[in-house]
Amino acid sequence: MWSFLLDTLLDEDTSEELAKRLREQGHDVERVVEIRELGDGVDDGDVHNYAEKHDRVIITHDEGFFHRCMNSEGTFRLLWITDQQAFEPYEKAEMVENALEIIEEYDIMENPPRAIALTAQFLE
């Protein structure tokens, strides 16, 4: 396990089980559905703004959110789990853990990726 931990914001389409597993790994996890000013059905723009304000990495299954992120300015950070149905929460948590090597380098990268698509390759 990495010593680097994430401050995450789980989009409304992510499960409580994923949040639990990420917390067990030591990550600081907030869920959109549990934040008073956000909540269920919130606009992606509001989620984006909250994440930037609180320096959090968004985790989502929303492909539209991923594309919005890729077309935005700045150092917006997002992890897109590409196939919501194909992976169990423990696999999704493992994918996040395996992406830490990339995320840990964000601050020293000249052009860090705005988003990372988490696919089955992050389980290897």
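The values are calculated or read from the model by the stated rules, or taken from the named source; none is laboratory data. The shown structure was predicted, so the numbers you read here are calculated from the model rather than taken from an experiment. Counting neighbours? That spans all protein chains shown, and the Cβs are built from the backbone with ideal geometry, glycine included. When the accessible area is computed, the model is the full protein with side chains, heavy atoms only, and any ligands, DNA or RNA have been set aside. Shrake-Rupley method; radii C 1.70, N 1.55, O 1.52, S 1.80 Å.
Of the labelled figures (i) 47, 45, 22; (ii) 44, 30, 24; (iii) 35, 35, 24, only one reflects Cα extents along the principal axes in Å as derived from the coordinates, namely (iii).
Here the accessible area of the chain is 41 percent carbon and sulfur, with a 1.4 angstrom probe and all protein chains present.
For segment 11-84, GluC sites (Glu not before Pro) are listed when DSSP marks them as loop and at most 14 other Cβ atoms sit within 10 Å of their Cβ; the list is Glu37, Glu73.
Gain in length, Glu52 to Glu104, computed as 0.36 nm per residue apart minus the alpha-carbon separation, to one decimal in nm? Walk me through the intermediate numbers first.
Values: separation 52, 0.36 × 52 = 18.72 nm, distance 1.70 nm.
Extra length available between Glu52 and Glu104 comes to 17.0 nm.
Name the GluC sites (Glu not before Pro) in segment 80-109 that are in a loop by DSSP and that have at most 15 other C-beta atoms within 10 Å, would you? Hits after loop and neighbour filter: Glu105. Database remark: amide H of Ile116 closer than 5 angstrom to the amide H of Leu78, Leu79, Trp80 (H placed geometrically; neighbours at sequence offset of 5 or more, or on other chains; Pro and chain starts carry no H).
Evaluate the charge dipole of the chain about its Cα centre and quote only its size in Debye, nearest 20, assuming +1 on the Cβ of each Lys and Arg and -1 on the Cβ of each Asp and Glu.
100 debye
For segment 57-111, the Cα-based Rg and Dmax, in that order, read 12.1, 34 Å.
Quick note on segment 1-50: its Rg to Rh ratio, both from C-alpha atoms and Rh being the Kirkwood radius, is 1.00. Residues whose amide H falls under 5 Å from that of Thr8, counting only those 5 or more places apart or on a different chain, are Asp28, Val29, Glu30, Val57, with hydrogens built in the peptide plane.
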